[in-house]
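Working notes, beginning with the structure itself.
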Amino acid sequence: MTATPGPKGSFLLGNLREFSQDMLGFFTRLARDFGDVVRFRLVNRTAFLVNHPVHIETVLVRQHERFIKHRFFWSRVRALLGQGLVASEGAYWRQQRLLMQPSFNRERLARYGGIMVAEAEAALAEWRDGEVRDLHAEFTRLTLRIALRAFFGSAPSERTLGLARAFTAAAEEIILRMHMPVRLPDWIPTAGTRRYLDAVRQLEGAVYAIIAERRRRSHLPGSKTGPPNLLDALLAARDEAGRPLSERQVRDEAITMLLAGHETTALALVWTWYLLARDPGAADALIAEARRVLCGRSASAGDLDALLHTRTAVQEGLRLYPPAYAIGREACAEVLLDGHRIPKGATVFMSPWVMHRNPRYFEQPEAFRPERWLGNVPAGLPRYAYFPFGGGARVCIGNTFALTELVLVMATIARWGRIQLTSDREIAPRALITLRPAEAITARFHRDADGPGKTPN
Ligand code: HEM
């Protein structure tokens, strides 16, 4: 057995303060100062940061049955996500995953590609030449509209903005809760809890309305509900006794998909355009590629293979700014990692942020170099040195959806023009639930004079 190294913490809180105030810096220092397996403490919880690809594979893949999602986090978001796919466990999780998996197959993705491009073009058509906008707000609205149409067949309406606001309000409260040493139950009426529950109720109301509309329309004789989608799969599901999912179960999965399906992708778009806008050479390559491959027509899922520069920019964007910057598990049995004992009940963190910037695996790790992905995977890169979508049984169900969306939206923007930042100041990331920019990233959109959205003379 090896004594696991780690930082000293305060008597009462352990390392909670550094963990809450600057998780990226804290994790980076732990990996640099203590190596592949590091032990620390969050109040009364023993926690580990695991920084070696083989150990990450052990936790996510080889011994995944010895871990569950970590309760420290999930207990704080129960009211929002309930038993949705991100938070559920065991036989119920497996049944729900199998139920939803077909909604992400190749044929569905080809159809979603059409929605992604149509929504991106509609958003660009509204963005006046040279007008300044906040990239995060723009891309959040876009990815939310795409998720609403793809998963629920719901025409995005004024509802979209309200939903985006409610998600943001709920997320802000969740972050505050994560940083509290003890969890207050939701029935204690603090101002924060009230704000959180109000946001949850607003989201719930919107999602129940979408479900009711879909049910009503599918019962109307001769009604056109469009091709089957994820919501239809949830509504049609029956257990062995022939019982459908309850309203609450459908609501949990729908809110989970809507949240998981738009927030991370919006951030990947923000960060990748931020990196591209600061590297005109790479942006030029993208624009030239969009012209060459698309020859003046709209992109589609069939173009993914040919959009090589766009794909490598996306892979590199996800490397430098992985929206899911840390993945947590709780050990439900003791596990040994190369002689380090992980006791039952301990929390284990793995951080794409830390691994993706480790010079052991990436040359010039801080530099934006999409060309490192030209041969698909850099030579000799271990499987779990790069894992923006996690891995193993709980790998992101939407990973191909997200990659398709990212490449098609990026290529559509490149076909229409160029995004230019209003400032060349470096923007720091903030590790909230996902990796957000610490301040607004504002930009102008300059239309290509010969592009589809050219300004009329
Ligand atoms: C760039 C975009 C995305 C990133 C970086 C991302 C990242 C991740 C990661 C790291 C996990 C694993 C978490 C863990 O193991 O604890 C995950 C799980 C998940 N993601 Fe994504 N995701 C993205 C897009 C999406 C999209 C578009 C959807 C919906 C269609 C989605 C739905 C989910 C769901 C439902 C899970 C839970 C899966 C399960 O536990 O079975 N994600 N995602």
Does residue 345 fit the bill of being over 23 Å from residue 287 (Cβ atoms), small (Gly, Ala, Ser) and open to solvent by less than 20 Å² (accessible area, probe 1.4 Å)?
no
Restricting attention to segment 7-29, and to residues there that are closer than 18 Å to residue 328 by Cα and touching a residue at least 40 places away in the same chain (Cβ under 8 Å), which single residue is surrounded by the most Cβ atoms within 10 Å (Cβ to Cβ)?
27
How many of the residues making up segment 391-404 are within 8 Å of the ligand (Cβ to nearest atom) and either over 20 Å from residue 95 (Cα atoms) or of a type in the set (D, E, K, R) (or both)?
4
When you look at residue 378, is it open to solvent by less than 30 Å² (accessible area, probe 1.4 Å) and at pLDDT below 95, yes or no?
yes
Counting only residues that are at pLDDT below 95 and surrounded by 17 or more Cβ atoms within 10 Å (Cβ to Cβ), give me the helices (runs of 4 or more DSSP H) lying completely in segment 221-318 with at least 3 of them.
230-236, 247-277
For residue 376, are the conditions met, namely being within 16 Å of the ligand (Cβ to nearest atom) and free of Cβ contacts under 8 Å to residues at least 24 places away in the same chain?
no
Apart from one, (1) within 16 Å of the ligand (Cβ to nearest atom); (2) free of Cβ contacts under 8 Å to residues at least 60 places away in the same chain; (3) not β-branched (Val, Ile, Thr) all hold for residue 428; the odd one out is (1)
When restricted to 346, 333, 324, the only residue out of contact with any Lys or Arg (no Cβ under 8 Å at 6 or more places or on another chain) and either more than 10 Å from the ligand (Cβ to nearest atom) or touching a residue at least 24 places away in the same chain (Cβ under 8 Å) (or both) is 324
If I filter segment 43-53 for residues that are modelled with pLDDT of 95 or more, in a loop (DSSP other than H, G, I, E, B) and either open to solvent by less than 10 Å² (accessible area, probe 1.4 Å) or of a type in the set (Ser, Thr, Tyr) (or both), do I get at least one hit?
yes
Before we move on, is residue 59 open to solvent by 10 Å² or more (accessible area, probe 1.4 Å) and within 27 Å of residue 383 (Cα to Cα)?
no
Of everything in segment 273-311 that's of a type in the set (Ser, Thr, Tyr) and out of contact with any Leu (no Cβ under 6 Å at 6 or more places or on another chain), which residue is nearest to residue 424 (Cα to Cα)?
274
From the set of residues in segment 131-175 that are within 22 Å of residue 438 (Cα to Cα) and hydroxyl-bearing (Ser, Thr, Tyr), which is farthest from the chain's Cα centre (by Cα)?
168
When you scan segment 74-184 for helices (runs of 4 or more DSSP H) that lie fully inside it, which ones turn up with 1 or more residues that are more than 16 Å from the ligand (Cβ to nearest atom) and open to solvent by less than 20 Å² (accessible area, probe 1.4 Å)?
106-126, 159-178
Residue 66: of a type outside the set (Val, Ile, Thr), under 26 Å from residue 196 (Cα atoms) and surrounded by fewer than 19 Cβ atoms within 10 Å (Cβ to Cβ), yes or no?
no
Those residues that are open to solvent by less than 10 Å² (accessible area, probe 1.4 Å) and either more than 13 Å from the ligand (Cβ to nearest atom) or farther than 21 Å from residue 287 by Cα (or both), I need them from segment 409-423; list them, please.
411, 412, 413, 414, 417, 419
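The values are calculated or read from the model by the stated rules, or taken from the named source; none is laboratory data. The structure displayed is predicted, hence computed values, not measured ones. With ideal geometry, Cβ positions are generated from the backbone for all residues, glycine too; neighbour counts draw on all protein chains shown. These area figures cover heavy atoms from the full protein model, side chains too; ligands, DNA and RNA do not enter into them. Shrake-Rupley method; radii C 1.70, N 1.55, O 1.52, S 1.80 Å.
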